[in-house]
Amino acid sequence: MKDSVENKYLVARPIYSEDSFTADHEIVERHHTSTLDLLKRTCSCSSKKAKAIAISFFPIISWLPTYRFKEWILSDIISGVTTGLVAVLQGLAYALLANVSPGYGLYTSFFPVVVYFFLGTSKHISAGPFPVVSLMVGSVVASLVPDSTTININSNSTNTTNEDLLNEQRIIVAASLTFLVGIIQLALGLLRIGFIVIYLSEPLINGFTTAAAIEVVISQLKYIFGLKVSSISGPLANFYVLESIFTQITKTNIADLVIAIIVMICVYIVKELNNRYKSKLRVPIPIEIIMTIIAAGVSYAFNFKVKYEVNIVGPIQKGYQPPVAPSISVFQACIANSFSIAIVGFAVAFSVAKVYSIKHNYTINGNQELIAFGLSNILCGSFKGFAASTSLSRSSVQESTGGKTQVAGIISGLLVLIVTLAIGYLLEPLPKSVLAAIICVNLKGMLMKFNEIPVLFRRDKYDCLVWVLTFIASVILGLDLGLAVGVGIELLTVVFRVQFPKFTVIANIEKTDIYRNRKDYSDICEPKGLKIFRCPSPIFFANSTFFKDKLIAAAGFNPLWVLRKRNKALRKIKKLVKKGELHVTKKGDICTAYDYIDSDNEDELDNNRIEELDQPINTNNLPIAIDWNADLPNIHVPKIELHSLILDFGAVSFIDMSGLKALKGILQEFNKVDVDTYIVAADYSVVEKLKRSSFFDDNIKTSILFLTVHDAVLHVLEKKGMEHTLNMDLHKETDNHYDIIGDGIQNGGLRGRNETRF
């Protein structure tokens with residue numbers, strides 16, 4: 001062990017010197033020069049680069065020529081047909097969430113699929129309506145076109161009812177909003193800022209989608225109970241809707257309620273069987289489609305609309321309408337909502353695509369996904385569709401039924417096309433309560449995310465706080481404002497994490513060169529008089545004061561307070577020596593002034609003299625040597641055992657001017673009370689910042705920098721003549737420990753654990 005320690009001394013030297021900075025600058029300049037030359041050589045045009053650009057914007061060029069027709073086509077056809085049936089049903093259902101006629105949901109299930117086939121980078125997601133996005137669109141539609149809106153739309157039909165005109169106005173708002181959402185997504189994709197999705201963490205998304213699921217359920221209650229409830233949007237809208245429903249509960253349409261209950265029970269049971277026996281079922285039982293066909297047939301056969309006043313889907317326009325220009329007035333009224341819808345829609349789609357890309361080992365491009373969905377929404381909005389994203393359930397069907405590529409997606413789109421052009425009229429007798437029931441049952445997965453709360457509380461309370469507050473804000477204020485509140489809370493948690501990090505005191509693990517938190521290990525060795533302080537975050541204006549406070553707490557004393565005490569004591573000693581009342585003998589210093597009173601009252605000093613107490617201790621021209629840790633005659637000075645303080649900056653990614661000022665100030669204060677300070681494992685950029693900012697001077701030199709903690713420890717032991725300490729283990733932290741709490745330090749006594757708390 002001794003030989004290994006001696007060998008370590010060969011590297012236990014400062015890693016930076018004055019000359020090393022000049023050499024480093026030359027290396028950096030040569031590196032920048034070579035990088036610029038490389039960029040100049042690589043920025044020329046070529047056919048290969050043109051092809052790469054074309055493939056990046058049209059991914060179909062890369063995968064379609066390599067399509068394994070014989071191996072994949074059958075699986076894609078089966079997957080496409082199954083997904084198409086689900087897409088038809090979800091298009092009709094989610095149109096109710098968007099506050100438009102169900103038939104327009106078929107447009108949203110078709111156009112985005114076609115565009116994504118050419119431009120998308122995921123092989124498995126199914127582009128189309130998504131309940132949360134549809135609900136956000138519906139909230140905007142309800143706010144701009146409430147039920148009491150005065151109709152001022154020109155129509156070619158003289159027999160058009162007010163209800164038809166109201167629906168037409170609503171689809172214009174939804175289509176214009178969708179067009180604007182597409183423009184925003186396209187712009188973000190072209191500007192290559194797809195990384196914006198990283199600001200929506202998983203807890204935030206889960207809290208937001210769970211709140212959206214609650215709002216979806218509330219919005220569908222009017223169809224389940226067969227009540228007429230006005231569309232309400234804005235803060236507290238959910239509570240107003242519930243109030244309206246419960247005040248009309250006695251007017252419930254029993255037929256609608258019974259139909260909804262039967263559908264929910266059947267769909268729930270079969271979906272549970274699908275999950276339990278999914279390994280044995282090649283294709284899940286399409287219970288939603290089966291129930292839809294049965295309900296539509298029974299409703300038509302028994303004329304539910306007339307006999308029981310059941311609210312049905314109604315006329316579905318055959319074919320596609322010509323494109324329409326978006327409304328500029330809608331653009332002006334919903335720019336903020338469109339931005340939130342664009343971000344949420346992309347975040348959901350990208351998250352689902354990422355799941356399947358990892359599962360099947362291929363890559364997706366976030367910026368290209370933005371472009372694909374942007375153009376999808378622009379085209380969809382032009383043809384009176386509403387905003388599209390992707391659905392986890394629909395994508396799961398496409399992937400689980402054997403879909404290999406987006407050929408399955410385009411086949412599902414062709415099935416939606418057939419329904420729209422030819423057989424859509426068969427769905428006209430379908431009760432809306434059936435669609436509402438199917439929507440509510442399919443929200444089970446989103447509602448089950450409540451189970452995450454206790455898990456997050458145990459693992460990370462900040463993430464739990466983001467989840468809960470985002471959920472509450474979205475339920476109370478609405479989805480658009482709730483998302484904004486959630487992002488704000490998430491950013492605040494980042495600020496708090498960085499502003500109040502968990503500083504630790506670390507020590508050596510016996511017989512190794514590894515240093516870890518003292519509370520995590522039992523065999524810990526900490527040389528006497530040496531503290532190693534680990535800083536786990538950047539040091540900047542927001543946490544510089546907190547850093548100083550925690551460093552003082554770790555040291556166990558305030559160096560400025562000790563310095564003032566020593567300077568006051570030095571004044572008294574000089575007075576006693578001058579009066580001849582303090583003598584130096586072989587037994588030590590003896591004070592002969594027995595009536596001398598040691599006063600600690602600093603109020604008797606004026607401001608100028610208090611400032612003098614902060615100056616370095618000057619013992620020049622003093623005939624005696626002072627040991628501040630010895631017992632001084634009739635003079636009380638705080639004793640400190642700390643002689644060296646090592647700052648582990650391995651996790652400090654940057655430091656600003658406020659942090660520099662705080663760091664230099666606290667290091668100078670420790671140096672004034674004869675505590676040597678060292679900085680280890682600092683990143684090169686941090687060291688460069690220190691150098692450029694004139695951090696180093698005659699008092700703080702570059703020699704305090706070391707490569708590793710162990711190098712600095714060995715240097716301290718050599719300097720203090722304690723080379724044997726690590727080998728002999730003279731100061732093990734077994735029974736005694738210190739709990740550092742707030743700004744003070746408490747001796748833990750014999751509580752039998754090794755722990756440092758901040």
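The values are calculated or read from the model by the stated rules, or taken from the named source; none is laboratory data. Everything numeric in this text was worked out from a predicted model, so none of it was measured. So basically every Cβ, Gly included, is an ideal-geometry build from the backbone, and we count neighbours across all protein chains shown. When the accessible area is computed, the model is the full protein with side chains, heavy atoms only, and any ligands, DNA or RNA have been set aside. Shrake-Rupley method; radii C 1.70, N 1.55, O 1.52, S 1.80 Å.
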Q. Taking the stated definitions as given, is residue 432 open to solvent by less than 40 Å² (accessible area, probe 1.4 Å), of a type in the set (Lys, Arg) and farther than 26 Å from residue 343 by Cα?
A. yes
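Is it the case, given these coordinates, that residue 399 is touching a residue at least 24 places away in the same chain (Cβ under 8 Å), among the charged types (D, E, K, R) and crowded, with 18+ Cβ neighbours inside 10 Å?
On the way: touching a residue at least 24 places away in the same chain (Cβ under 8 Å): yes; among the charged types (D, E, K, R): yes; crowded, with 18+ Cβ neighbours inside 10 Å: yes.
In short, yes.
Under the condition of being in a loop (DSSP other than H, G, I, E, B) and of a type in the set (Phe, Trp, Tyr), which residue from the range 319-369 is surrounded by the most Cβ atoms within 10 Å (Cβ to Cβ)?
Here is the first cut: in the range 319-369, the residues in a loop (DSSP other than H, G, I, E, B) are 319-327, 334, 361-365.
With of a type in the set (Phe, Trp, Tyr) added as a condition, the list becomes 320, 362.
On the way: 320: 16, 362: 13.
Here the residue is 320.
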Q | Matching residues in the range 469-484 - criterion: being of a type in the set (A, V, I, L, M, F, W, C) and open to solvent by 50 Å² or more (accessible area, probe 1.4 Å) | A | 469, 472, 476, 477, 481, 484
Q: Could you please give the count of residues in the range 226-251 that are closer than 24 Å to residue 442 by Cα, open to solvent by 30 Å² or more (accessible area, probe 1.4 Å) and at pLDDT below 85?
A: 2
**Q.** Given (1) open to solvent by less than 30 Å² (accessible area, probe 1.4 Å); (2) within 25 Å of residue 393 (Cα to Cα); (3) of a type in the set (D, E, K, R), number of the condition residue 256 does not satisfy
**A.** (2)
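Give me the residue from the range 460-489 that is among the small types (Gly, Ala, Ser), at pLDDT below 90 and not in a loop (DSSP other than H, G, I, E, B) and, out of that set, farthest from the chain's Cα centre (by Cα).
The initial filter retains those residues of the range 460-489 that are among the small types (Gly, Ala, Ser), namely 473-474, 478, 482, 484, 486, 488.
Still in the list and also at pLDDT below 90: 478, 482, 484.
The next check asks that each one be not in a loop (DSSP other than H, G, I, E, B); those that pass are 482, 484.
Working: 482: 16, 484: 14 Å.
Result: 482.
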Q) Consider residue 399 against the criteria (1) touching a Lys or Arg at 6+ places or on another chain (Cβ under 9 Å); (2) of a type in the set (D, E, K, R); (3) part of a loop (DSSP other than H, G, I, E, B): it satisfies all of them except one. Which criterion is unmet? A) (3)
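Residue under question is residue 223, and the condition is that it be open to solvent by 90 Å² or more (accessible area, probe 1.4 Å), closer than 17 Å to residue 437 by Cβ and in contact with a helix residue (DSSP H, G or I) (Cβ under 6 Å, 6 or more places away or on another chain); does it hold?
no
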Q: Note down all Cβ pairs under 7 Å where the first residue falls in the range 648-670 and is in contact (Cβ under 8 Å) with a residue 24 or more places away in the chain and part of a helix (DSSP H, G or I), the second is open to solvent by 20 Å² or more (accessible area, probe 1.4 Å) and aliphatic (A, V, I, L, M), and they're at least six residues apart or on different chains.
A: 669/560
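What number of residues in the range 189-216 are in a helix (DSSP H, G or I) and open to solvent by less than 40 Å² (accessible area, probe 1.4 Å)? Give the steps one after another, and end with the answer.
Pass one, the range 189-216, residues in a helix (DSSP H, G or I): 189-190, 194-199, 202-216.
Next cut, open to solvent by less than 40 Å² (accessible area, probe 1.4 Å) only: 189, 194, 197, 203-213, 215-216.
Number satisfying all stated conditions: 16.
Going through the range 625-659 one residue at a time, which ones are within 30 Å of the chain's Cα centre (by Cα) and surrounded by fewer than 20 Cβ atoms within 10 Å (Cβ to Cβ)? Please lay out each step first, then the result.
Going through the range 625-659, the residues within 30 Å of the chain's Cα centre (by Cα) turn out to be 647-659.
Selection gives 650, 651, 653, 654, 656, 657, 658.
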Q. For the range 445-468, which residues satisfy the criterion of being more than 22 Å from residue 491 (Cβ to Cβ), hydrophobic (A, V, I, L, M, F, W, C) and open to solvent by 40 Å² or more (accessible area, probe 1.4 Å)?
A. 447, 448, 450, 455
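Listed here are the residues, each with its yes/no results for (1) closer than 22 Å to residue 650 by Cα; (2) crowded, with 16+ Cβ neighbours inside 10 Å; (3) in contact with a strand residue (DSSP E or B) (Cβ under 7 Å, 6 or more places away or on another chain).
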| site | (1), (2), (3) |
| --- | --- |
| 505 | yes, yes, yes |
| 522 | no, no, no |
| 528 | no, no, no |
| 550 | yes, yes, no |
| 566 | no, yes, no |
| 569 | no, yes, no |
Q: Check residue 653 against each of (1) closer than 30 Å to residue 571 by Cα; (2) small (Gly, Ala, Ser); (3) touching a Pro at 6+ places or on another chain (Cβ under 7 Å) and name the one condition it does not meet.
A: (1)
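Would you check which residues across the range 266-292 are basic (Lys, Arg) and open to solvent by 90 Å² or more (accessible area, probe 1.4 Å) and list them?
Here is the first cut: in the range 266-292, the ones basic (Lys, Arg) are 271, 276, 278, 280, 282.
Listed by number, the residues that qualify are 276, 278, 280, 282.
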Q: Inspect the range 315-338 for any residue being modelled with pLDDT under 90 and touching a Pro at 6+ places or on another chain (Cβ under 8 Å) and give the result as yes or no.
A: yes
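Tell me yes or no: at least one residue of the range 490-505 is assigned to a strand (DSSP E or B) and in contact with a Lys or Arg (Cβ under 9 Å, 6 or more places away or on another chain). Break it down into steps so the answer makes sense when it comes.
Going through the range 490-505, the residues assigned to a strand (DSSP E or B) turn out to be 504-505.
Those still in the list that are in contact with a Lys or Arg (Cβ under 9 Å, 6 or more places away or on another chain) too: 504-505.
For the range 490-505, residues assigned to a strand (DSSP E or B) and in contact with a Lys or Arg (Cβ under 9 Å, 6 or more places away or on another chain): present.
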Q.
Please go through the range 404-446 and give me each residue that is under 34 Å from the mean Cα position of the chain (by Cα) and within 13 Å of residue 91 (Cα to Cα), ordered by number.
A. 436, 438, 439
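Name the one entry in 557, 533, 546 that is farther than 21 Å from residue 641 by Cβ, surrounded by 16 or more Cβ atoms within 10 Å (Cβ to Cβ), among the hydrophobic types (A, V, I, L, M, F, W, C) and at pLDDT 80 or above.
Numbers: 557 fails: farther than 21 Å from residue 641 by Cβ; 533 fails: farther than 21 Å from residue 641 by Cβ.
Residue meeting the stated conditions: 546.
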(Q) Anything in the range 299-313 that is open to solvent by less than 80 Å² (accessible area, probe 1.4 Å) and out of contact with any strand residue (DSSP E or B) (no Cβ under 9 Å at 6 or more places or on another chain)? List them, or say none. (A) 301, 303
Q. Yes or no: residue 316 under 18 Å from residue 191 (Cα atoms), surrounded by fewer than 22 Cβ atoms within 10 Å (Cβ to Cβ), out of contact with any Lys or Arg (no Cβ under 6 Å at 6 or more places or on another chain) and in contact (Cβ under 8 Å) with a residue 60 or more places away in the chain?
A. no
Q.
If I filter the range 11-34 for residues that are open to solvent by less than 30 Å² (accessible area, probe 1.4 Å), modelled with pLDDT under 90 and either of a type in the set (A, V, I, L, M) or within 36 Å of the chain's Cα centre (by Cα) (or both), do I get at least one hit?
A. yes
Q: Select the helices (runs of 4 or more DSSP H) contained entirely in the range 65-140, then report the ones holding at least 1 residues which are farther than 30 Å from residue 234 by Cβ, among the charged types (D, E, K, R) and open to solvent by 30 Å² or more (accessible area, probe 1.4 Å).
A: 69-97
Q. Are any of the residues in the range 724-740 surrounded by fewer than 17 Cβ atoms within 10 Å (Cβ to Cβ) and at pLDDT 85 or above?
A. no
